[in-house]
Structure formats: C-alpha cells, structure tokens
Amino acid sequence: MTNEVEGERNQHNNDEKEEEEQQQQKMPPMKQRLTQSQMEFFLDYNPITLKAVEYKICSCARPHMRGFHLAWTSFLVAFIAWFSIAPLAPAIKETLGLKKSDLLWANISSVLSTVFARFAVGPVMDHVGPRKSQAFILMFAAIPTCFAGLIQDVVGLCIIRGLIGVAGAAFVGCQFWCTLMFEKEIAGTVNATAGGGGNLGGGL
C-alpha cells in the first residue's frame, strides 16, 4: 500500500513538471529565459506576469523603472518636436507672407497626421513592442524637423507639419510601455505620471 501511494505521488509530481515545461514552452522566449534563470528584479513584481507591483520614481532599475523613464522621456522629446513650429507661427506668417487660413491648414495637417499615425502604430507595437516603435517614431520625426528651416511656402509648411505630426504617436508607445511594465493596480498612476511628464514637452 505504501509503495502504491509513493508511486502515485511520484507520478503526480512528474505530471506537474511536465505541465510546467509545457507552459514554459508556450511562453514568449523572453519570459522563458526569465523563468528559467529565476531572475530577480529591484522592484516587487508578480512572478506570473513579471510586472512590477510598485514604482519608485527616483530609481532607474531595470527593467521596470528604466522602461518607465524611457517611455516618458521619449514622449517628451516627441512632444518638443511636435510643438516646435507652433510658437513660431507669427514669424513664419510674416516671413513667408502667409494668411491666417494658411496657418490653419498647417495646423490641420499636423493634427490629422497624428490621428492616423496613432491608429497605425498601435498594431505595430503589438508585434514589435514599444521600444523599437518609439525609436522609429523619434528618428522619423527628426528628419522633417531638421528640414523645417527650408520651408518656402504654405505647401511646404503643411507637408513639414504633417510629417512632424507623426511624433504625436509617441503617446501610444508611452502608455503601452508603462502598461507592459506595471500591474493594473498601479498602471493608472504610472500612466498618468508618464503622460504628464511627456506633456511637459509642450511647454518646453
């Protein structure tokens, strides 16, 4: 009887190990490596989702707080580029001899490109992640920002503002990145903090 009980226990343990191995095989490669190596994070985290259950603003510990700071600073830089031309509107209007309606069309092109870029970048981030997507958005927006000084007429202004408006899609990456790093109990606070920090770019 004792041998039968021990045999059943061993069989049960073996079945549990097989189930764990199968679950690990279904996990993405990154989670497999983290599970196998029993990696410890600086912040307290959920061992199943690997998301942090706390946040420390003054910390840059990997991966949670570093991801948080990269999320809001990337959005901050994007916001600076996105709003870089708007304060210069009076000077641009006088220099190029534009009408008020011309500036309005430029503003519309900027907003429209941002809307479409945000729709487009969401599915992309689902596949490649927020880090690479944010890097691409910033590099793309940097090009028209550099050529803003070459604007000669209203058409060029609308094109440049439309291309720079893609930078507004960095907001999606900022929020998505933070959501990936933190549990839902604190995700709202973290997203609000990151979004507010990024919006400072509008003032800068």
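Some points to look at:
- Flag for GLY201 being surrounded by 13 or more Cβ atoms within 10 Å (Cβ to Cβ), of a type in the set (Gly, Ala, Ser), farther than 16 Å from MET65 by Cα and without any contact (Cβ under 8 Å) to a residue 40 or more places away in the chain: no
- Residue list for region 119-133, restricted to those being β-branched (Val, Ile, Thr) and touching a helix residue (DSSP H, G or I) at 6+ places or on another chain (Cβ under 7 Å): VAL121, VAL124
- Lone qualifier among PHE182, PHE136, PHE116, PHE147 - being in contact with a helix residue (DSSP H, G or I) (Cβ under 6 Å, 6 or more places away or on another chain) and not hydroxyl-bearing (Ser, Thr, Tyr): PHE182
- Condition check for LEU50: modelled with pLDDT under 90 and part of a loop (DSSP other than H, G, I, E, B): yes
- With respect to (1) open to solvent by 30 Å² or more (accessible area, probe 1.4 Å); (2) at pLDDT 90 or above, the lone exception for MET39 is condition (2).
- Taking region 98-178 as the region of interest, the helices (runs of 4 or more DSSP H) fully inside it that hold 3 or more residues being open to solvent by 30 Å² or more (accessible area, probe 1.4 Å) and β-branched (Val, Ile, Thr) are 100-128, 154-164.
- All of PRO63, PRO90 fail the test of being at pLDDT 55 or above, surrounded by 15 or more Cβ atoms within 10 Å (Cβ to Cβ) and not hydrophobic (A, V, I, L, M, F, W, C), apart from PRO63.
The values are calculated or read from the model by the stated rules, or taken from the named source; none is laboratory data. Since this is a predicted model, take the numbers as computed values, not measurements. Backbone-built Cβ (ideal geometry, glycine too); neighbour counts: all protein chains shown. Ligands, DNA and RNA are excluded from the accessible area calculation, which covers all protein heavy atoms including side chains. Shrake-Rupley method; radii C 1.70, N 1.55, O 1.52, S 1.80 Å.
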